[in-house]
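Visitor: Quick one: the structure is below, and I'll ask about it shortly.
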Amino acid sequence: MDLLYNIFIDPFVQMVQLPDLFVQTLWEGLVSGVLYALIALGFVLIFKASGVFNFAQGIMVVFAALTLIGIYTLLRGWGVRPGDLAAFLALGLTIGVMFVLAFGVERLMLRPLVNQPDIILFMATFGLTYFLIGFGELVFGGDPKIMITEDLYLPKGSIDFKILGGLVSLQKIDIAAAVIASVMVATLAVFFQKTRIGRALRAVADSHKAALSVGISLEQIWVIVWFAAGIVALATGIMWGARSNVSFALQIIALKALPVLILGGFTSIPGAIVGGVIIGVGEKIGEFYWGPLLGSGIESWLAYVIALVFLLFRPQGLFGERIIERI
Amino acid sequence: MFYREAGQYKSSYEADAAVFPLRQDRIAIAAILLAAFVLLPLVASDFVLSSVMIPILIFSLAAIALNILTGYTGLISLGTAGFMGVGGYACYKLTSIFPGINIVVHIALSGFFAAGIGVLFGLPSLRIKGFYLAVATLAAQFFLSWCFIRVAWLYNYNVSGAIEVPTRTLFGVTITGPTASPQARYLVVLCFVVVMTWLASNLVHGRIGRMWMAVRDMDIAAELIGIKLYQTKLLAFAVSSFYCGVAGALMVFLWLGASEADSFNINQSFLILFMVIIGGLGSLVGSFFGAAFIWGLPIVMRVAPEYFGITINSATVEHLQFMVVGVLIIFFLIVEPHGLARLWQIGKQKLRVWPFPY
């Protein structure tokens, strides 16, 4: 009886009694949800256009962030003053590096592997992950780095609200992250719906063969999506890096994006966002109110269980395309 | 020249359906087994036995487990290490509750616990397919890892949170614990691996294996010809997890000697998946090749520079190692997506028709 009370009644009583704490937890869940959604977005972009389940998205986030910091340090070392927009120069150069990476991946990995089963391509992205881990550590060193938040003019500090008889404090960087994420999703949506390349991308996503037959270059499309995923990775890296340090430990957040993906469906951009928010909020609220019952740390698997429960009812995810099976 | 079937006639269906139809193959297998059982324990150093051979054998068993699930039944799983952990912890609990029963029995029994857990987490597999299932098995991996840390009962409420393997004997010879000799441990592991590989070979070549492969190739078609999907998939999960469990128990008791939750983390699952892919999906011999390759490569990379008299600092070596492993994985996938097992087959075929091209 006591246990049932603790599971079904007590958490809700707490939520009502301390609404400010509830709102704070909700907000934190929302923010981490947005960041999960950003990583999931990178996955979805690549999966939609090439059917590759890109495990390397997590390490691409770390790699992009490290490249940004590395180039910035290098520029400062050459005597470029912070006032000279060194950070933005570094940002531009990093985007260039991500383009080179996308180009290299297409040329050296995807092109020879075209027409292979999904699992082979999936494993190849594992190879890419290993390569980037080794390469990144070799070039940038393994120790955690601090993100150049101020030089990029990202806001710092927090805003406190007095609502619901308590204090809710929002980090400005989190608000910025949410804004940037929304802008990015909106841009991508416009890009997909309104531009020529976007239409080509959607065509490739629908059917590789049909797209090829009307003269769309698959190679070009793949470079573009990997480049887009690289830029998404860079934005994610900056946001995560601003919240904590940039280190290789960050790459495990890619694993956190997986339940987001299956929840939203592999092929849906809105799904990635909604899934991210559901997972982020569910995880934080679950950990905060139900975690102590089971011994803490349930955050590590709660997301997967939430996703699993959703999947049992909708095997293609919330927004995924309906799976039609034929003989 | 020596490797061809000329003059070997088969007069029964059994002989025709044999796993090794060629006499030369049978001789080779016997020679390999003889070398493994007699020669290696006599000549190999302790380092080779305990840091190369034992891990390779144990990983081979784990790779066979994953191959049954992924290679033969087509269900991608990323929870291998979790199921191995179940085996390891189950064996530890069994031997602390029933210290009188022989450890070998416990190791075999611990597979059944893993099988039970595996079936439980395999339940969603009827509704969920492909990568969705892979992510669903991650739920098993993370949940089980969490259990190994949080459920203190599993490690007998040790303060350190790790399990220490007690000393146990077989026929009067110490085989587990800190005093066990590498030779004894190696032979026990080898016996387990040989027996279980033989069982697996019989399973995948028989009716059950055919059912698994039918499900892998197209599950709806398999259902239409009368294969019960649910039972077949769950059986694959059970058998695979059983093998994982035994591999995990062997790993804790005969290789590591002590273990904590971190031994069974997600990276281990990925490592075993590499072994299966590099070795060859749907091939038992490929599991051995994959395990030897993935486990052997870093060792070779550590030793090779010293051999040539080049000194590189160890951190650089480790980074280079990651890069080389990554590149090699991609390279192998491009050159031979069917893995080392296919290369092996091609080599055998070439040898058979040599000196003619075909």
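Throughout, read-outs are computed from the coordinates displayed, never taken from laboratory work. Remember, predicted model here, so these are calculated numbers, not experimental data. So basically every Cβ, Gly included, is an ideal-geometry build from the backbone, and we count neighbours across all protein chains shown.
Visitor: Could you work out [θ]222 nm for chain B from helices alone, using -39500 (n - 2.57) per DSSP H run of at least four and dividing by all its residues? Round to the nearest 500 deg cm²/dmol.
Guide: Working: 15 runs with 230 residues, N = 358.
When only DSSP H runs of four or more count, the value is -21000 deg cm²/dmol.
Visitor: List the DSSP H helices in chain A whose Cα atoms stretch 27 Å or more along the helix axis and whose mean Kyte-Doolittle hydropathy is at least 0.0.
Guide: On the way: long enough: A:19-50 (45 Å, 1.39); A:57-77 (30 Å, 1.60); A:86-105 (28 Å, 2.40); A:118-140 (32 Å, 1.73); A:172-194 (32 Å, 1.57); A:218-243 (37 Å, 1.38).
Answer set is A:19-50, A:57-77, A:86-105, A:118-140, A:172-194, A:218-243.
Visitor: Once you compute Rg and the Kirkwood Rh from C-alpha atoms, what is the Rg to Rh ratio for the range B:207-358?
Guide: Working: Rg = 19.8 Å, Rh = 18.7 Å.
Reported Rg/Rh, Kirkwood definition of Rh: 1.06.
Visitor: Shifting gears a bit: Counting each DSSP H run of 4 or more residues in chain A as -39500 (n - 2.57), what helix-only mean residue ellipticity at 222 nm follows after dividing by all residues, to the nearest 500 deg cm²/dmol? Walk me through the numbers on the way to the answer.
Guide: Details: 14 runs with 225 residues, N = 327.
It lands at -23000 deg cm²/dmol.
Visitor: Right, next: When N is the residue count of the protein assembly as shown, what does its C-alpha Rg come to as a fraction of 2.2 N^0.38 Å?
Guide: Details: Rg = 26.9 Å, N = 685, 2.2 N^0.38 = 26.3 Å.
Computed over Cα atoms of the protein assembly as shown, the ratio equals 1.02.
Visitor: Which whole-number percent is the relative contact order of the range A:18-313 (Cα, under 8 Å, 6+ apart)?
Guide: Numbers: 410 pairs, mean separation 113.1, N = 296.
38 percent.
Visitor: Set the bar at 22 Å for Cα to Cα. Now go through B:LYS233/B:LYS348; A:LYS256/B:LYS93; A:LYS48/A:LYS209; A:LYS256/A:LYS284; A:LYS48/A:LYS172 and name every pair that lies beyond it. Write down the numbers at each step before the final one.
Guide: Working: B:LYS233/B:LYS348 33 Å; A:LYS256/B:LYS93 32 Å; A:LYS48/A:LYS209 14 Å; A:LYS256/A:LYS284 13 Å; A:LYS48/A:LYS172 33 Å.
Those over the limit are B:LYS233/B:LYS348; A:LYS256/B:LYS93; A:LYS48/A:LYS172.
Visitor: So, R0 is 60 Å and r is the distance between the beta-carbons of B:PHE2 and B:PHE112; what FRET efficiency does that work out to, to 0.05?
Guide: Computed FRET efficiency for B:PHE2 and B:PHE112: 0.85.
Visitor: Please say if chain A is rounded, prolate or oblate, where rounded means a/c under 1.5 for a ≥ b ≥ c the square roots of the C-alpha gyration tensor eigenvalues, and otherwise the choice is prolate for a/b larger than b/c and oblate otherwise? Don't jump to the answer; show the numbers that get you there.
Guide: Values: a/c = 1.91, a/b = 1.21, b/c = 1.58.
Verdict is oblate for chain A.
Visitor: A:PHE88 to B:MET301: FRET efficiency via 1/(1 + (r/R0)^6), r the Cβ-Cβ distance, R0 60 Å, to the nearest 0.05?
Guide: Details: r = 40 Å, r/R0 = 0.67.
Working from the Cβ atoms, E equals 0.90.
Visitor: Sorted from fewest to most neighbouring beta carbons within 10 Å, what does the list B:CYS244, B:CYS91 look like? Could the numbers behind the result be given before it?
Guide: Details: B:CYS244 35, B:CYS91 30.
Ranked by crowding around the Cβ, least crowded first: B:CYS91, B:CYS244.
Visitor: Hey, rough spin-label estimate for B:ARG127 and B:THR167, points 7 angstrom out along Cα→Cβ, what's it come to in nanometres?
Guide: In this crude label model, B:ARG127 to B:THR167 measures out at 5.3 nm.
Visitor: Between B:ARG352 and A:LYS172, what is the spin-label point distance in nm, taking each point 7 Å from the Cα along the Cα→C-beta axis?
Guide: 7.4
Visitor: Within chain A, which is the longest segment containing none of the chymotrypsin sites (Phe, Trp or Tyr not before Pro) that sit in a DSSP loop and have at most 15 other Cβ atoms within 10 Å? All intermediate terms of the calculation are to be shown ahead of the outcome.
Guide: Working: sites that count: A:TRP78, A:TYR153.
Longest gap between qualifying sites, sites excluded: A:154-327.
Visitor: Here's a follow-up. Given the C-alpha atoms of the range B:162-229, compute the convex hull and give its volume per residue in Å³.
Guide: Numbers: hull volume 10.5 nm³, N = 68.
Residue-normalised Cα hull volume stands at 154 Å³.
Visitor: What trypsin sites (Lys or Arg not before Pro) in the range B:4-46 are in a loop by DSSP, with at most 15 other Cβ atoms within 10 Å of the Cβ?
Guide: Numbers: sites: B:ARG4, B:LYS10, B:ARG23, B:ARG26; in loops: B:ARG4, B:LYS10.
Counting only loop positions with at most 15 other Cβ atoms within 10 Å, the trypsin sites (Lys or Arg not before Pro) in the range B:4-46 are B:ARG4, B:LYS10.
Visitor: Further question on the same structure: Note down the nm distance, to one decimal, between modelled labels 7 Å out along Cα→Cβ at A:ARG196 and at A:ARG107.
Guide: Between A:ARG196 and A:ARG107, the simple spin-label model gives 2.4 nm.
Visitor: Using amide H atoms built 1.01 Å from N in the peptide plane, name the residues 5+ places from B:LEU170, or on other chains, whose amide H lies under 5 Å from its own.
Guide: HN-HN under 5 Å from B:LEU170: B:ILE175.
Visitor: With a/c under 1.5 counting as rounded, go ahead and sort the range A:210-327 into rounded, prolate or oblate using the C-alpha gyration tensor (a ≥ b ≥ c being the square roots of the eigenvalues; past the cut-off, prolate if a/b is larger than b/c, else oblate).
Guide: Values: a/c = 3.19, a/b = 1.38, b/c = 2.31.
Oblate, since a/c reaches 1.5 and b/c is not below a/b.
Visitor: Where nothing but the Cβ of Lys and Arg (+1) and of Asp and Glu (-1) is charged, how large is the charge dipole of chain A around its Cα centre, in debye to the nearest 20?
Guide: Values: 20 positive and 20 negative charges, 214 e Å.
So the magnitude is around 1040 debye.
Visitor: Quick one: compute the contact order of chain B, relative version, from alpha carbon pairs under 8 angstrom and 6+ residues apart, as a percent.
Guide: Numbers: 508 pairs, mean separation 102.3, N = 358.
RCO, chain B: 29 percent.
Visitor: Would you mind telling me which residue in B:ALA30, B:ALA114, B:ALA200 has the biggest mean-square fluctuation in a Gaussian network model of chain B, where springs connect alpha carbons within a distance under 10 angstrom?
Guide: For chain B, modelled as a Gaussian network with Cα springs under 10 Å, the answer is B:ALA30.
Visitor: Could you tell me whether chain B comes out rounded, prolate or oblate from its Cα gyration tensor? Rule is a ≥ b ≥ c as square roots of the eigenvalues, rounded for a/c under 1.5, then prolate if a/b exceeds b/c, otherwise oblate. Provide the component values of the computation, followed by the final result.
Guide: Values: a/c = 1.39, a/b = 1.15, b/c = 1.21.
It comes out rounded by the Cα gyration axes.
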